[in-house]
Amino acid sequence: FLFFLGTINSINLMDGLDGLVSGFSIIALILLGFLGLYKTDYLITILTLALLGSLLAFVKFNSYPAKLFMGDTGSLVLGYFLVFIVVEVLRKYNNSNLDLAFPVLFLGLPILDTLKVMWLRVFNGKSPFLPDKRHLHHIILKNKVRHKTTVFLIHIFSLTFMVNAIVFLKYHNPFSIIAFIFLAVLLFFAEK
């Protein structure tokens, strides 16, 4: 329950730039759709195709400069579907055993970014739920990187997390855990 709730909220908190969450979700859904198709899971395939269709139409108007915004309701619903599909893919590949390693590795960027920001807020004596400018997209923008480039860089970083998770899912390679830790350290020290 806490994993679902926390991950859904972390995807909501990632929605700070035009096209960021919609692009992240498109990348995730394409990869999850192929994983579902490989296991001939029609529920996963239909859900990913339906969400992809709506997101591809939406992202045209949500890209910088956005004319349409997702809002909390959109990002929370999208977060719910992403977490649900990731767990369903895990169940297909893991013989219905629930091991949260794959979902954490796959959705690692929003999860780690949220944990980092909340930890920094608590460390500085503030409420973990107050807004600030410590998310990854704020850090990159603060370094005078263009909006579209910032979104592109975060999408590439997210894709790295997702591909690493797929390698873990298919081969249970301990290298994937080491790679995840390396990526997490990069994320935690992004400001420096």
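Kindly indicate the residue of region 39-86 that is of a type in the set (S, T, Y) and in contact (Cβ under 8 Å) with a residue 24 or more places away in the chain and also farthest from F152 (Cα to Cα) among those meeting that condition. Applying the filter and picking the extreme gives Y80. Filtered by the rule that a residue be under 17 Å from the mean Cα position of the chain (by Cα) and open to solvent by 30 Å² or more (accessible area, probe 1.4 Å), region 141-154 gives F152, L153. A count restricted to region 48-99 and to residues that are farther than 30 Å from H172 by Cα, of a type in the set (S, T, Y), surrounded by fewer than 17 Cβ atoms within 10 Å (Cβ to Cβ) and touching a helix residue (DSSP H, G or I) at 6+ places or on another chain (Cβ under 8 Å) stands at 1.
Considering only residues that are open to solvent by less than 40 Å² (accessible area, probe 1.4 Å) and either over 20 Å from N164 (Cα atoms) or part of a loop (DSSP other than H, G, I, E, B) (or both), which ones fall in region 121-136? Break it down stepwise before answering.
To start, the set of residues in region 121-136 that are open to solvent by less than 40 Å² (accessible area, probe 1.4 Å) comprises 121, 128, 135-136.
Matches in region 121-136: R121, P128, H135.
All of (1) of a type outside the set (G, A, S); (2) in a helix (DSSP H, G or I); (3) within 16 Å of the chain's Cα centre (by Cα); (4) within 29 Å of M118 (Cβ to Cβ) hold for F58 with one exception: (3). Scanning region 169-177 finds one or more residues that are outside any loop (DSSP other than H, G, I, E, B), closer than 21 Å to F3 by Cβ and open to solvent by 20 Å² or more (accessible area, probe 1.4 Å).
Could you please find all residues in region 7-30 being over 12 Å from the mean Cα position of the chain (by Cα) and part of a helix (DSSP H, G or I)? Can you show your working first?
Initially, region 7-30 is screened for residues over 12 Å from the mean Cα position of the chain (by Cα), giving 16-19, 30.
Scanning region 7-30 gives a single hit, I30.
The values are calculated or read from the model by the stated rules, or taken from the named source; none is laboratory data. Given the structure is predicted, the values throughout are model-derived calculations rather than measurements. Methodologically, a virtual Cβ is constructed for each residue, glycine included, from the backbone with ideal geometry; neighbour enumeration extends over all protein chains shown. When the accessible area is computed, the model is the full protein with side chains, heavy atoms only, and any ligands, DNA or RNA have been set aside. Shrake-Rupley method; radii C 1.70, N 1.55, O 1.52, S 1.80 Å.
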